[in-house]
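A quick write-up on the structure given underneath.
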Amino acid sequence: MDGDTLLDGPARRGLARLGAWGRRHRALLLPAAAAAFVAGMVASVHNLRLTPGDLALVPLALMAAAAPLSVLLNALELRLCARAVGRGLALGPAVTVTATATVANLLPVPASVAIRAGALVAAGAGVAATGRVILLAGVLWLAMAAAVSGLAFAPHHAAGLAVAAAAAAVAALLALDIRRRSDVATALGFVAVRAGLLAALVVRLWLSFMAIGAAAALADVAFYAVAGTAGTVVTVVPAGLGVSEGIAALMARTAGAAPAAAFLALGLNRVVGLLVCAGIAALPLWRSPGP
């Protein structure tokens, strides 16, 4: 994927400056973001008047069981990133890298991007090409999520269709850019994996809402897809702590839903996902040493 892409120019330079600012201030942002996240979770529990006994264990267990699927799909996308820059990456290492990067993103340094990029560079990819493909994948993820959220909001407001159409157009252009730099199979692979990740995210959020006693239809939960995605692509705030949850609360208020339930559901999904990723990342450490 050599040469310019759709994200070159002012947009890319702006994102680079934002990322540089975040890297300089992450050590300060981490405790602030963590405090805001915890405060938001506590306030949401209080607002909904929930007790530990109100938490539904079956949906919670199903949510935890579904989390490894998201890790696997993210690992498949990392392999597609390697393929897009003309390299190869085995599935096993890709899974470990993905899980480790997710947990490491809580550190006061941008470790998630560094770990994923490091895996591609170690496989022989160039630094510039690696940064480009990771950025493309992140923006494609956000565009597809925005399209899903727009469609879910369309029955409630006409603007939903406009948002969905614009986001789908951006996603299509990004996919065409990937195809131009690699091949059709790789571009379609990115779209398919991201579609799978969105489906898995919506199901996990649906189970999370159910776990806190705020069950909703899948179509309604899909409205929060873009919020669940935004936190994963924000590098300024460590792990995007509170970003997804805050956006979801604002979206819920706009849609006339309960902001506290939205914040808590996305926060619970985040906590479960991090715990599962930590377990997967630690698996190599638990293996018995060879003879």
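Okay, here's what the table says:
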item	result
Criterion (in contact with a Pro (Cβ under 9 Å, 6 or more places away or on another chain) and not basic (K, R)) met by exactly one of L250, L205, L176	L250
Pairs with Cβ under 7 Å, 6+ apart, first in the stretch 29-56 and closer than 15 Å to E245 by Cα, second part of a loop (DSSP other than H, G, I, E, B)	A33/V237; A33/L241; A33/G242; A34/L241; A36/G242; F37/L241; F37/G242; G40/G242
Within the stretch 132-188, tally of residues that are over 22 Å from M251 (Cα atoms) and hydroxyl-bearing (S, T, Y)	2
Residue match in the stretch 267-276 (condition: within 26 Å of G131 (Cα to Cα), open to solvent by less than 20 Å² (accessible area, probe 1.4 Å), modelled with pLDDT under 90 and in a helix (DSSP H, G or I))	no
Output for the stretch 34-54, where each listed residue is surrounded by 14 or more Cβ atoms within 10 Å (Cβ to Cβ) and either touching a helix residue (DSSP H, G or I) at 6+ places or on another chain (Cβ under 6 Å) or among the basic types (K, R) (or both)	G40, M41, S44, N47, L48
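The values are calculated or read from the model by the stated rules, or taken from the named source; none is laboratory data. The structure presented is a predicted model; accordingly, all values stated were derived computationally and were not measured. Counting neighbours? That spans all protein chains shown, and the Cβs are built from the backbone with ideal geometry, glycine included. Remember, those area values only see protein heavy atoms, side chains included, never the ligands or the DNA or RNA. Shrake-Rupley method; radii C 1.70, N 1.55, O 1.52, S 1.80 Å.
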